[in-house]
Amino acid sequence: MRSAQGFKKRYVVIAILAITLSYGIYKLTQLSPLEQKILKKVNVNTHATLYITEADAGATTDFSYRYYLFDGSKSDKDFINSLAADRQPFLITADPNAFQKVENNAIYLSVKGDVFAFHNAPVYQIKGALFSVPVYLTSEPY
């Protein structure tokens, strides 16, 4: 009777370890060290709000400042939740004082130093429709 077919316990243990290891790797890839806090909130028009955040990726990196357009009818909590959903900024810079003013439904920025990313047609979404705000950026080295 010892030659009867059956499953071996080690295969079950190996399968459970493989599933656990796969899940652990997946969770580690979802972990982001980037922390952001809202520095400034400016109403651009009746529908759009400009959020400026300070991003910190850890002790060995400098702060970066990120500029987002967001639906003005939503709360700060909704904005923070959208960051967790990998929302992309239209400007990333090392200059904490880049914001100048909002005038005639346009955003004016002046960066002294590094610009890491800039998209000149930032959009925000309201009930599925996309809207844009003009951005005027001047940049100069230190």
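Counted by Cβ distance under 11 Å from Phe63, the other residues give a net charge of -3, where Lys and Arg count +1 and Asp and Glu count -1.
When you restrict to C-alpha pairs under 8 Å that are six or more residues apart and normalise by the size of the chain, the relative contact order lands at 15 percent. Counted residue by residue at 0.36 nm each, then reduced by the alpha carbon distance between them, the extension gain from Asp76 to Lys9 reaches 18.9 nm. For segment 35-140, what log10 I(q)/I(0) values come out of the Debye formula at q = 0.10, 0.14, 0.18 1/Å, with one point per alpha carbon and no solvent? Computed log10 I(q)/I(0) values: -0.26, -0.51, -0.85. Placing a label point 7 Å from the Cα of Gln88 along the Cα-to-Cβ direction, the residues of segment 95-116 with a backbone N closer than 17 Å are 116. At an R0 of 25 angstrom, the distance between the Cβ atoms of Ala59 and Tyr142 translates into a FRET efficiency of 0.60. Each of Ala106 and Lys27 was given a label point 7 Å from its Cα along the Cα-to-Cβ line. The distance between the two points is 5.1 nm. Pairs with C-alpha atoms separated by more than 30 Å, drawn from the list Lys40/Lys112; Lys27/Lys101; Lys74/Lys101, are Lys27/Lys101. Note on the chain: dipole from Cβ charges, positive end direction compared against Gly113, Thr20, Pro96; the farthest Cα belongs to Thr20. Rounded to the nearest 0.05, the FRET efficiency derived from the C-beta distance between Gln125 and Val42 at R0 = 22 Å is 0.75.
Against the chain, whose longest principal axis comes from its Cα atoms, helix 9-30 is set at around 0 degrees.
Here the chain is treated with +1 on each Lys and Arg Cβ and -1 on each Asp and Glu Cβ, and its dipole about the Cα centre works out to around 1100 debye. Result for the chain in a Gaussian network model with C-alpha springs under 10 Å: among Ile14, Ile107, Ile25, the largest mean-square fluctuation is at Ile14.
Taken together, the values in this text are just the output of simple stated rules run on the coordinates, not laboratory data. Keep in mind it's a predicted model, so treat the numbers as computed, not measured. All Cβ positions, glycine included, derive from the backbone under ideal geometry; neighbour counts span all protein chains shown.
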